[in-house]
1. Please tell me if LEU212 is surrounded by 15 or more Cβ atoms within 10 Å (Cβ to Cβ), among the aliphatic types (A, V, I, L, M), touching a Gly at 6+ places or on another chain (Cβ under 9 Å) and modelled with pLDDT of 95 or more.
2. Would you pick out the residues in the range 205-221 that are more than 9 Å from the ligand (Cβ to nearest atom) and touching a helix residue (DSSP H, G or I) at 6+ places or on another chain (Cβ under 7 Å)?
3. Do we have any residue at all in the range 96-111 that's more than 24 Å from LEU171 (Cα to Cα), without any contact (Cβ under 8 Å) to a residue 40 or more places away in the chain and not in a loop (DSSP other than H, G, I, E, B)?
4. Select from the range 179-193 the residues that are within 22 Å of ILE221 (Cα to Cα) and within 15 Å of the ligand (Cβ to nearest atom) and list them in ascending order.
5. Give ILE62, ILE131 a once-over and let me know the one that is within 16 Å of the ligand (Cβ to nearest atom), among the hydrophobic types (A, V, I, L, M, F, W, C) and in contact (Cβ under 8 Å) with a residue 24 or more places away in the chain.
6. Exactly one condition in (1) closer than 20 Å to GLU34 by Cβ; (2) in contact (Cβ under 8 Å) with a residue 40 or more places away in the chain; (3) of a type in the set (A, V, I, L, M, F, W, C) is false for LEU213; which is it?
7. Only one of GLU238, GLU232, GLU224, GLU273 is within 30 Å of PHE91 (Cβ to Cβ) and away from the ligand (no atom under 16 Å from the Cβ). Can you tell me which?
8. Which of the residues that make up the range 227-244 are farther than 17 Å from THR178 by Cβ and buried (at least 20 other Cβ atoms within 10 Å of the Cβ)?
Amino acid sequence: MSRIVFLNGSFLPIEEAKVPFMDRGFMFGDGVYEGIGMLDGRLIDNDAHLERLERSLAEIRIPNPYTRAEWSSFQEELARRNGMTEGFIYFQVTRGVAERDFFFPEDAKPTVAMFTQAKAIAGAPAAQTGIAVVTVPDLRWQRRDIKSINLLAQVLAKQAAKEAGAQEAWLVEDGFVTEGGSSSAFIVTKEGSIVVRPLSNAILPGITRKSLLQLSKEVGIALEERRFTVEEAYDAAEAFLTSASNFVLPIVSIDGRPVADGKPGPITKRLRELYLAMASAPAMAAE
Ligand code: PDD
């Protein structure tokens, strides 16, 4: 079966899905994207992802081509056509096709592209072993709250991490960790509180982050929403990341130094279990 993707309202074999040469996504990175996890055939936190998409689009003044109901039905149909019940759905909207000129085109129609990536998220081996991160300078622009398709700084950061034997980069600004290359960054203090950077233009408002904070509140795990330094992370009891494509993943080393005993920590494990239970429960349980 050929892989089916979605382009501008049509479901097509990937080989037939062509975007015009002058698309502003290709020329300028002029667009935004979203990525959502799927477990047991269900989209996790879809409303929150669609809300963030609406916000990203509004911030860069691209009209949203679809209603939430339309987006959901396209996502579900695409997963169905690809036989995917667990994995990641990527969708992006660019400002459309126009002769190359920096000013917004008068009459371009947004280009919408969507694809699926089947992936074992719940049973991922990295959830058992934990992963390594390395810190790199955060070279991104000042509107990281917008989920822009401009990901050059993240591509370079994550490649540097890979070349250092790690699986994720932690981005650092003024000595403080902002977030991961494609994930939200957390530590757990020796006293057992979760520490996460507060929302601002410096980070993406992670949807998994938001659900995780809600879950930790429900079970009474203490939370400190504040910035943390690289040194504090080296000395933390636990560290972990969250993202739609990984849920909650333990971090067992930072810049080659083991986090505590170098094994996934108990609070991280508990949060991952809580998240998995939420994600596999009937949709309303997540509300
Ligand atoms: N990345 N921070 C950044 C910079 C991200 O790119 C992501 C997501 C997150 C986590 O957000 P969420 O929980 O909403 O997935 C934080 C996606 C998964 C990606 O680019 O593949």
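The values are calculated or read from the model by the stated rules, or taken from the named source; none is laboratory data. Small disclaimer: the values here were computed from a predicted structure and weren't measured. Please note: Cβ atoms are built from the backbone with ideal geometry, for glycine as well, and neighbour counts cover all protein chains shown.
1. Details: surrounded by 15 or more Cβ atoms within 10 Å (Cβ to Cβ): yes; among the aliphatic types (A, V, I, L, M): yes; touching a Gly at 6+ places or on another chain (Cβ under 9 Å): yes; modelled with pLDDT of 95 or more: yes.
When the stated conditions are applied, LEU212 passes them.
2. Step one: filter the range 205-221 for residues more than 9 Å from the ligand (Cβ to nearest atom), giving 213-221.
LEU215, SER216, VAL219, ILE221 - these are the residues of the range 205-221 that are more than 9 Å from the ligand (Cβ to nearest atom) and touching a helix residue (DSSP H, G or I) at 6+ places or on another chain (Cβ under 7 Å).
3. First pass over the range 96-111, keeping only residues more than 24 Å from LEU171 (Cα to Cα): 96-111.
Now restrict to residues that are without any contact (Cβ under 8 Å) to a residue 40 or more places away in the chain: 101, 103, 106-107.
In the following step, the residues that additionally are not in a loop (DSSP other than H, G, I, E, B) were identified as none.
No, there is no match, as no residue in the range 96-111 is more than 24 Å from LEU171 (Cα to Cα), without any contact (Cβ under 8 Å) to a residue 40 or more places away in the chain and not in a loop (DSSP other than H, G, I, E, B).
4. Here is the first cut: in the range 179-193, the residues within 22 Å of ILE221 (Cα to Cα) are 179, 183-193.
The answer is GLU179, SER183, SER184, ALA185, PHE186.
5. On the way: ILE62 fails: within 16 Å of the ligand (Cβ to nearest atom).
Result of the check over ILE62, ILE131: ILE131.
6. Status for LEU213: all satisfied but (2).
7. Values: GLU238 fails: within 30 Å of PHE91 (Cβ to Cβ); GLU232 fails: within 30 Å of PHE91 (Cβ to Cβ); GLU224 fails: within 30 Å of PHE91 (Cβ to Cβ).
Going through GLU238, GLU232, GLU224, GLU273 in turn, just one is within 30 Å of PHE91 (Cβ to Cβ) and away from the ligand (no atom under 16 Å from the Cβ): GLU273.
8. So in the range 227-244, the residues farther than 17 Å from THR178 by Cβ come out as 235, 237-238, 244.
If the condition is that a residue be farther than 17 Å from THR178 by Cβ and buried (at least 20 other Cβ atoms within 10 Å of the Cβ), then GLU238, ALA244 are the ones that fit.
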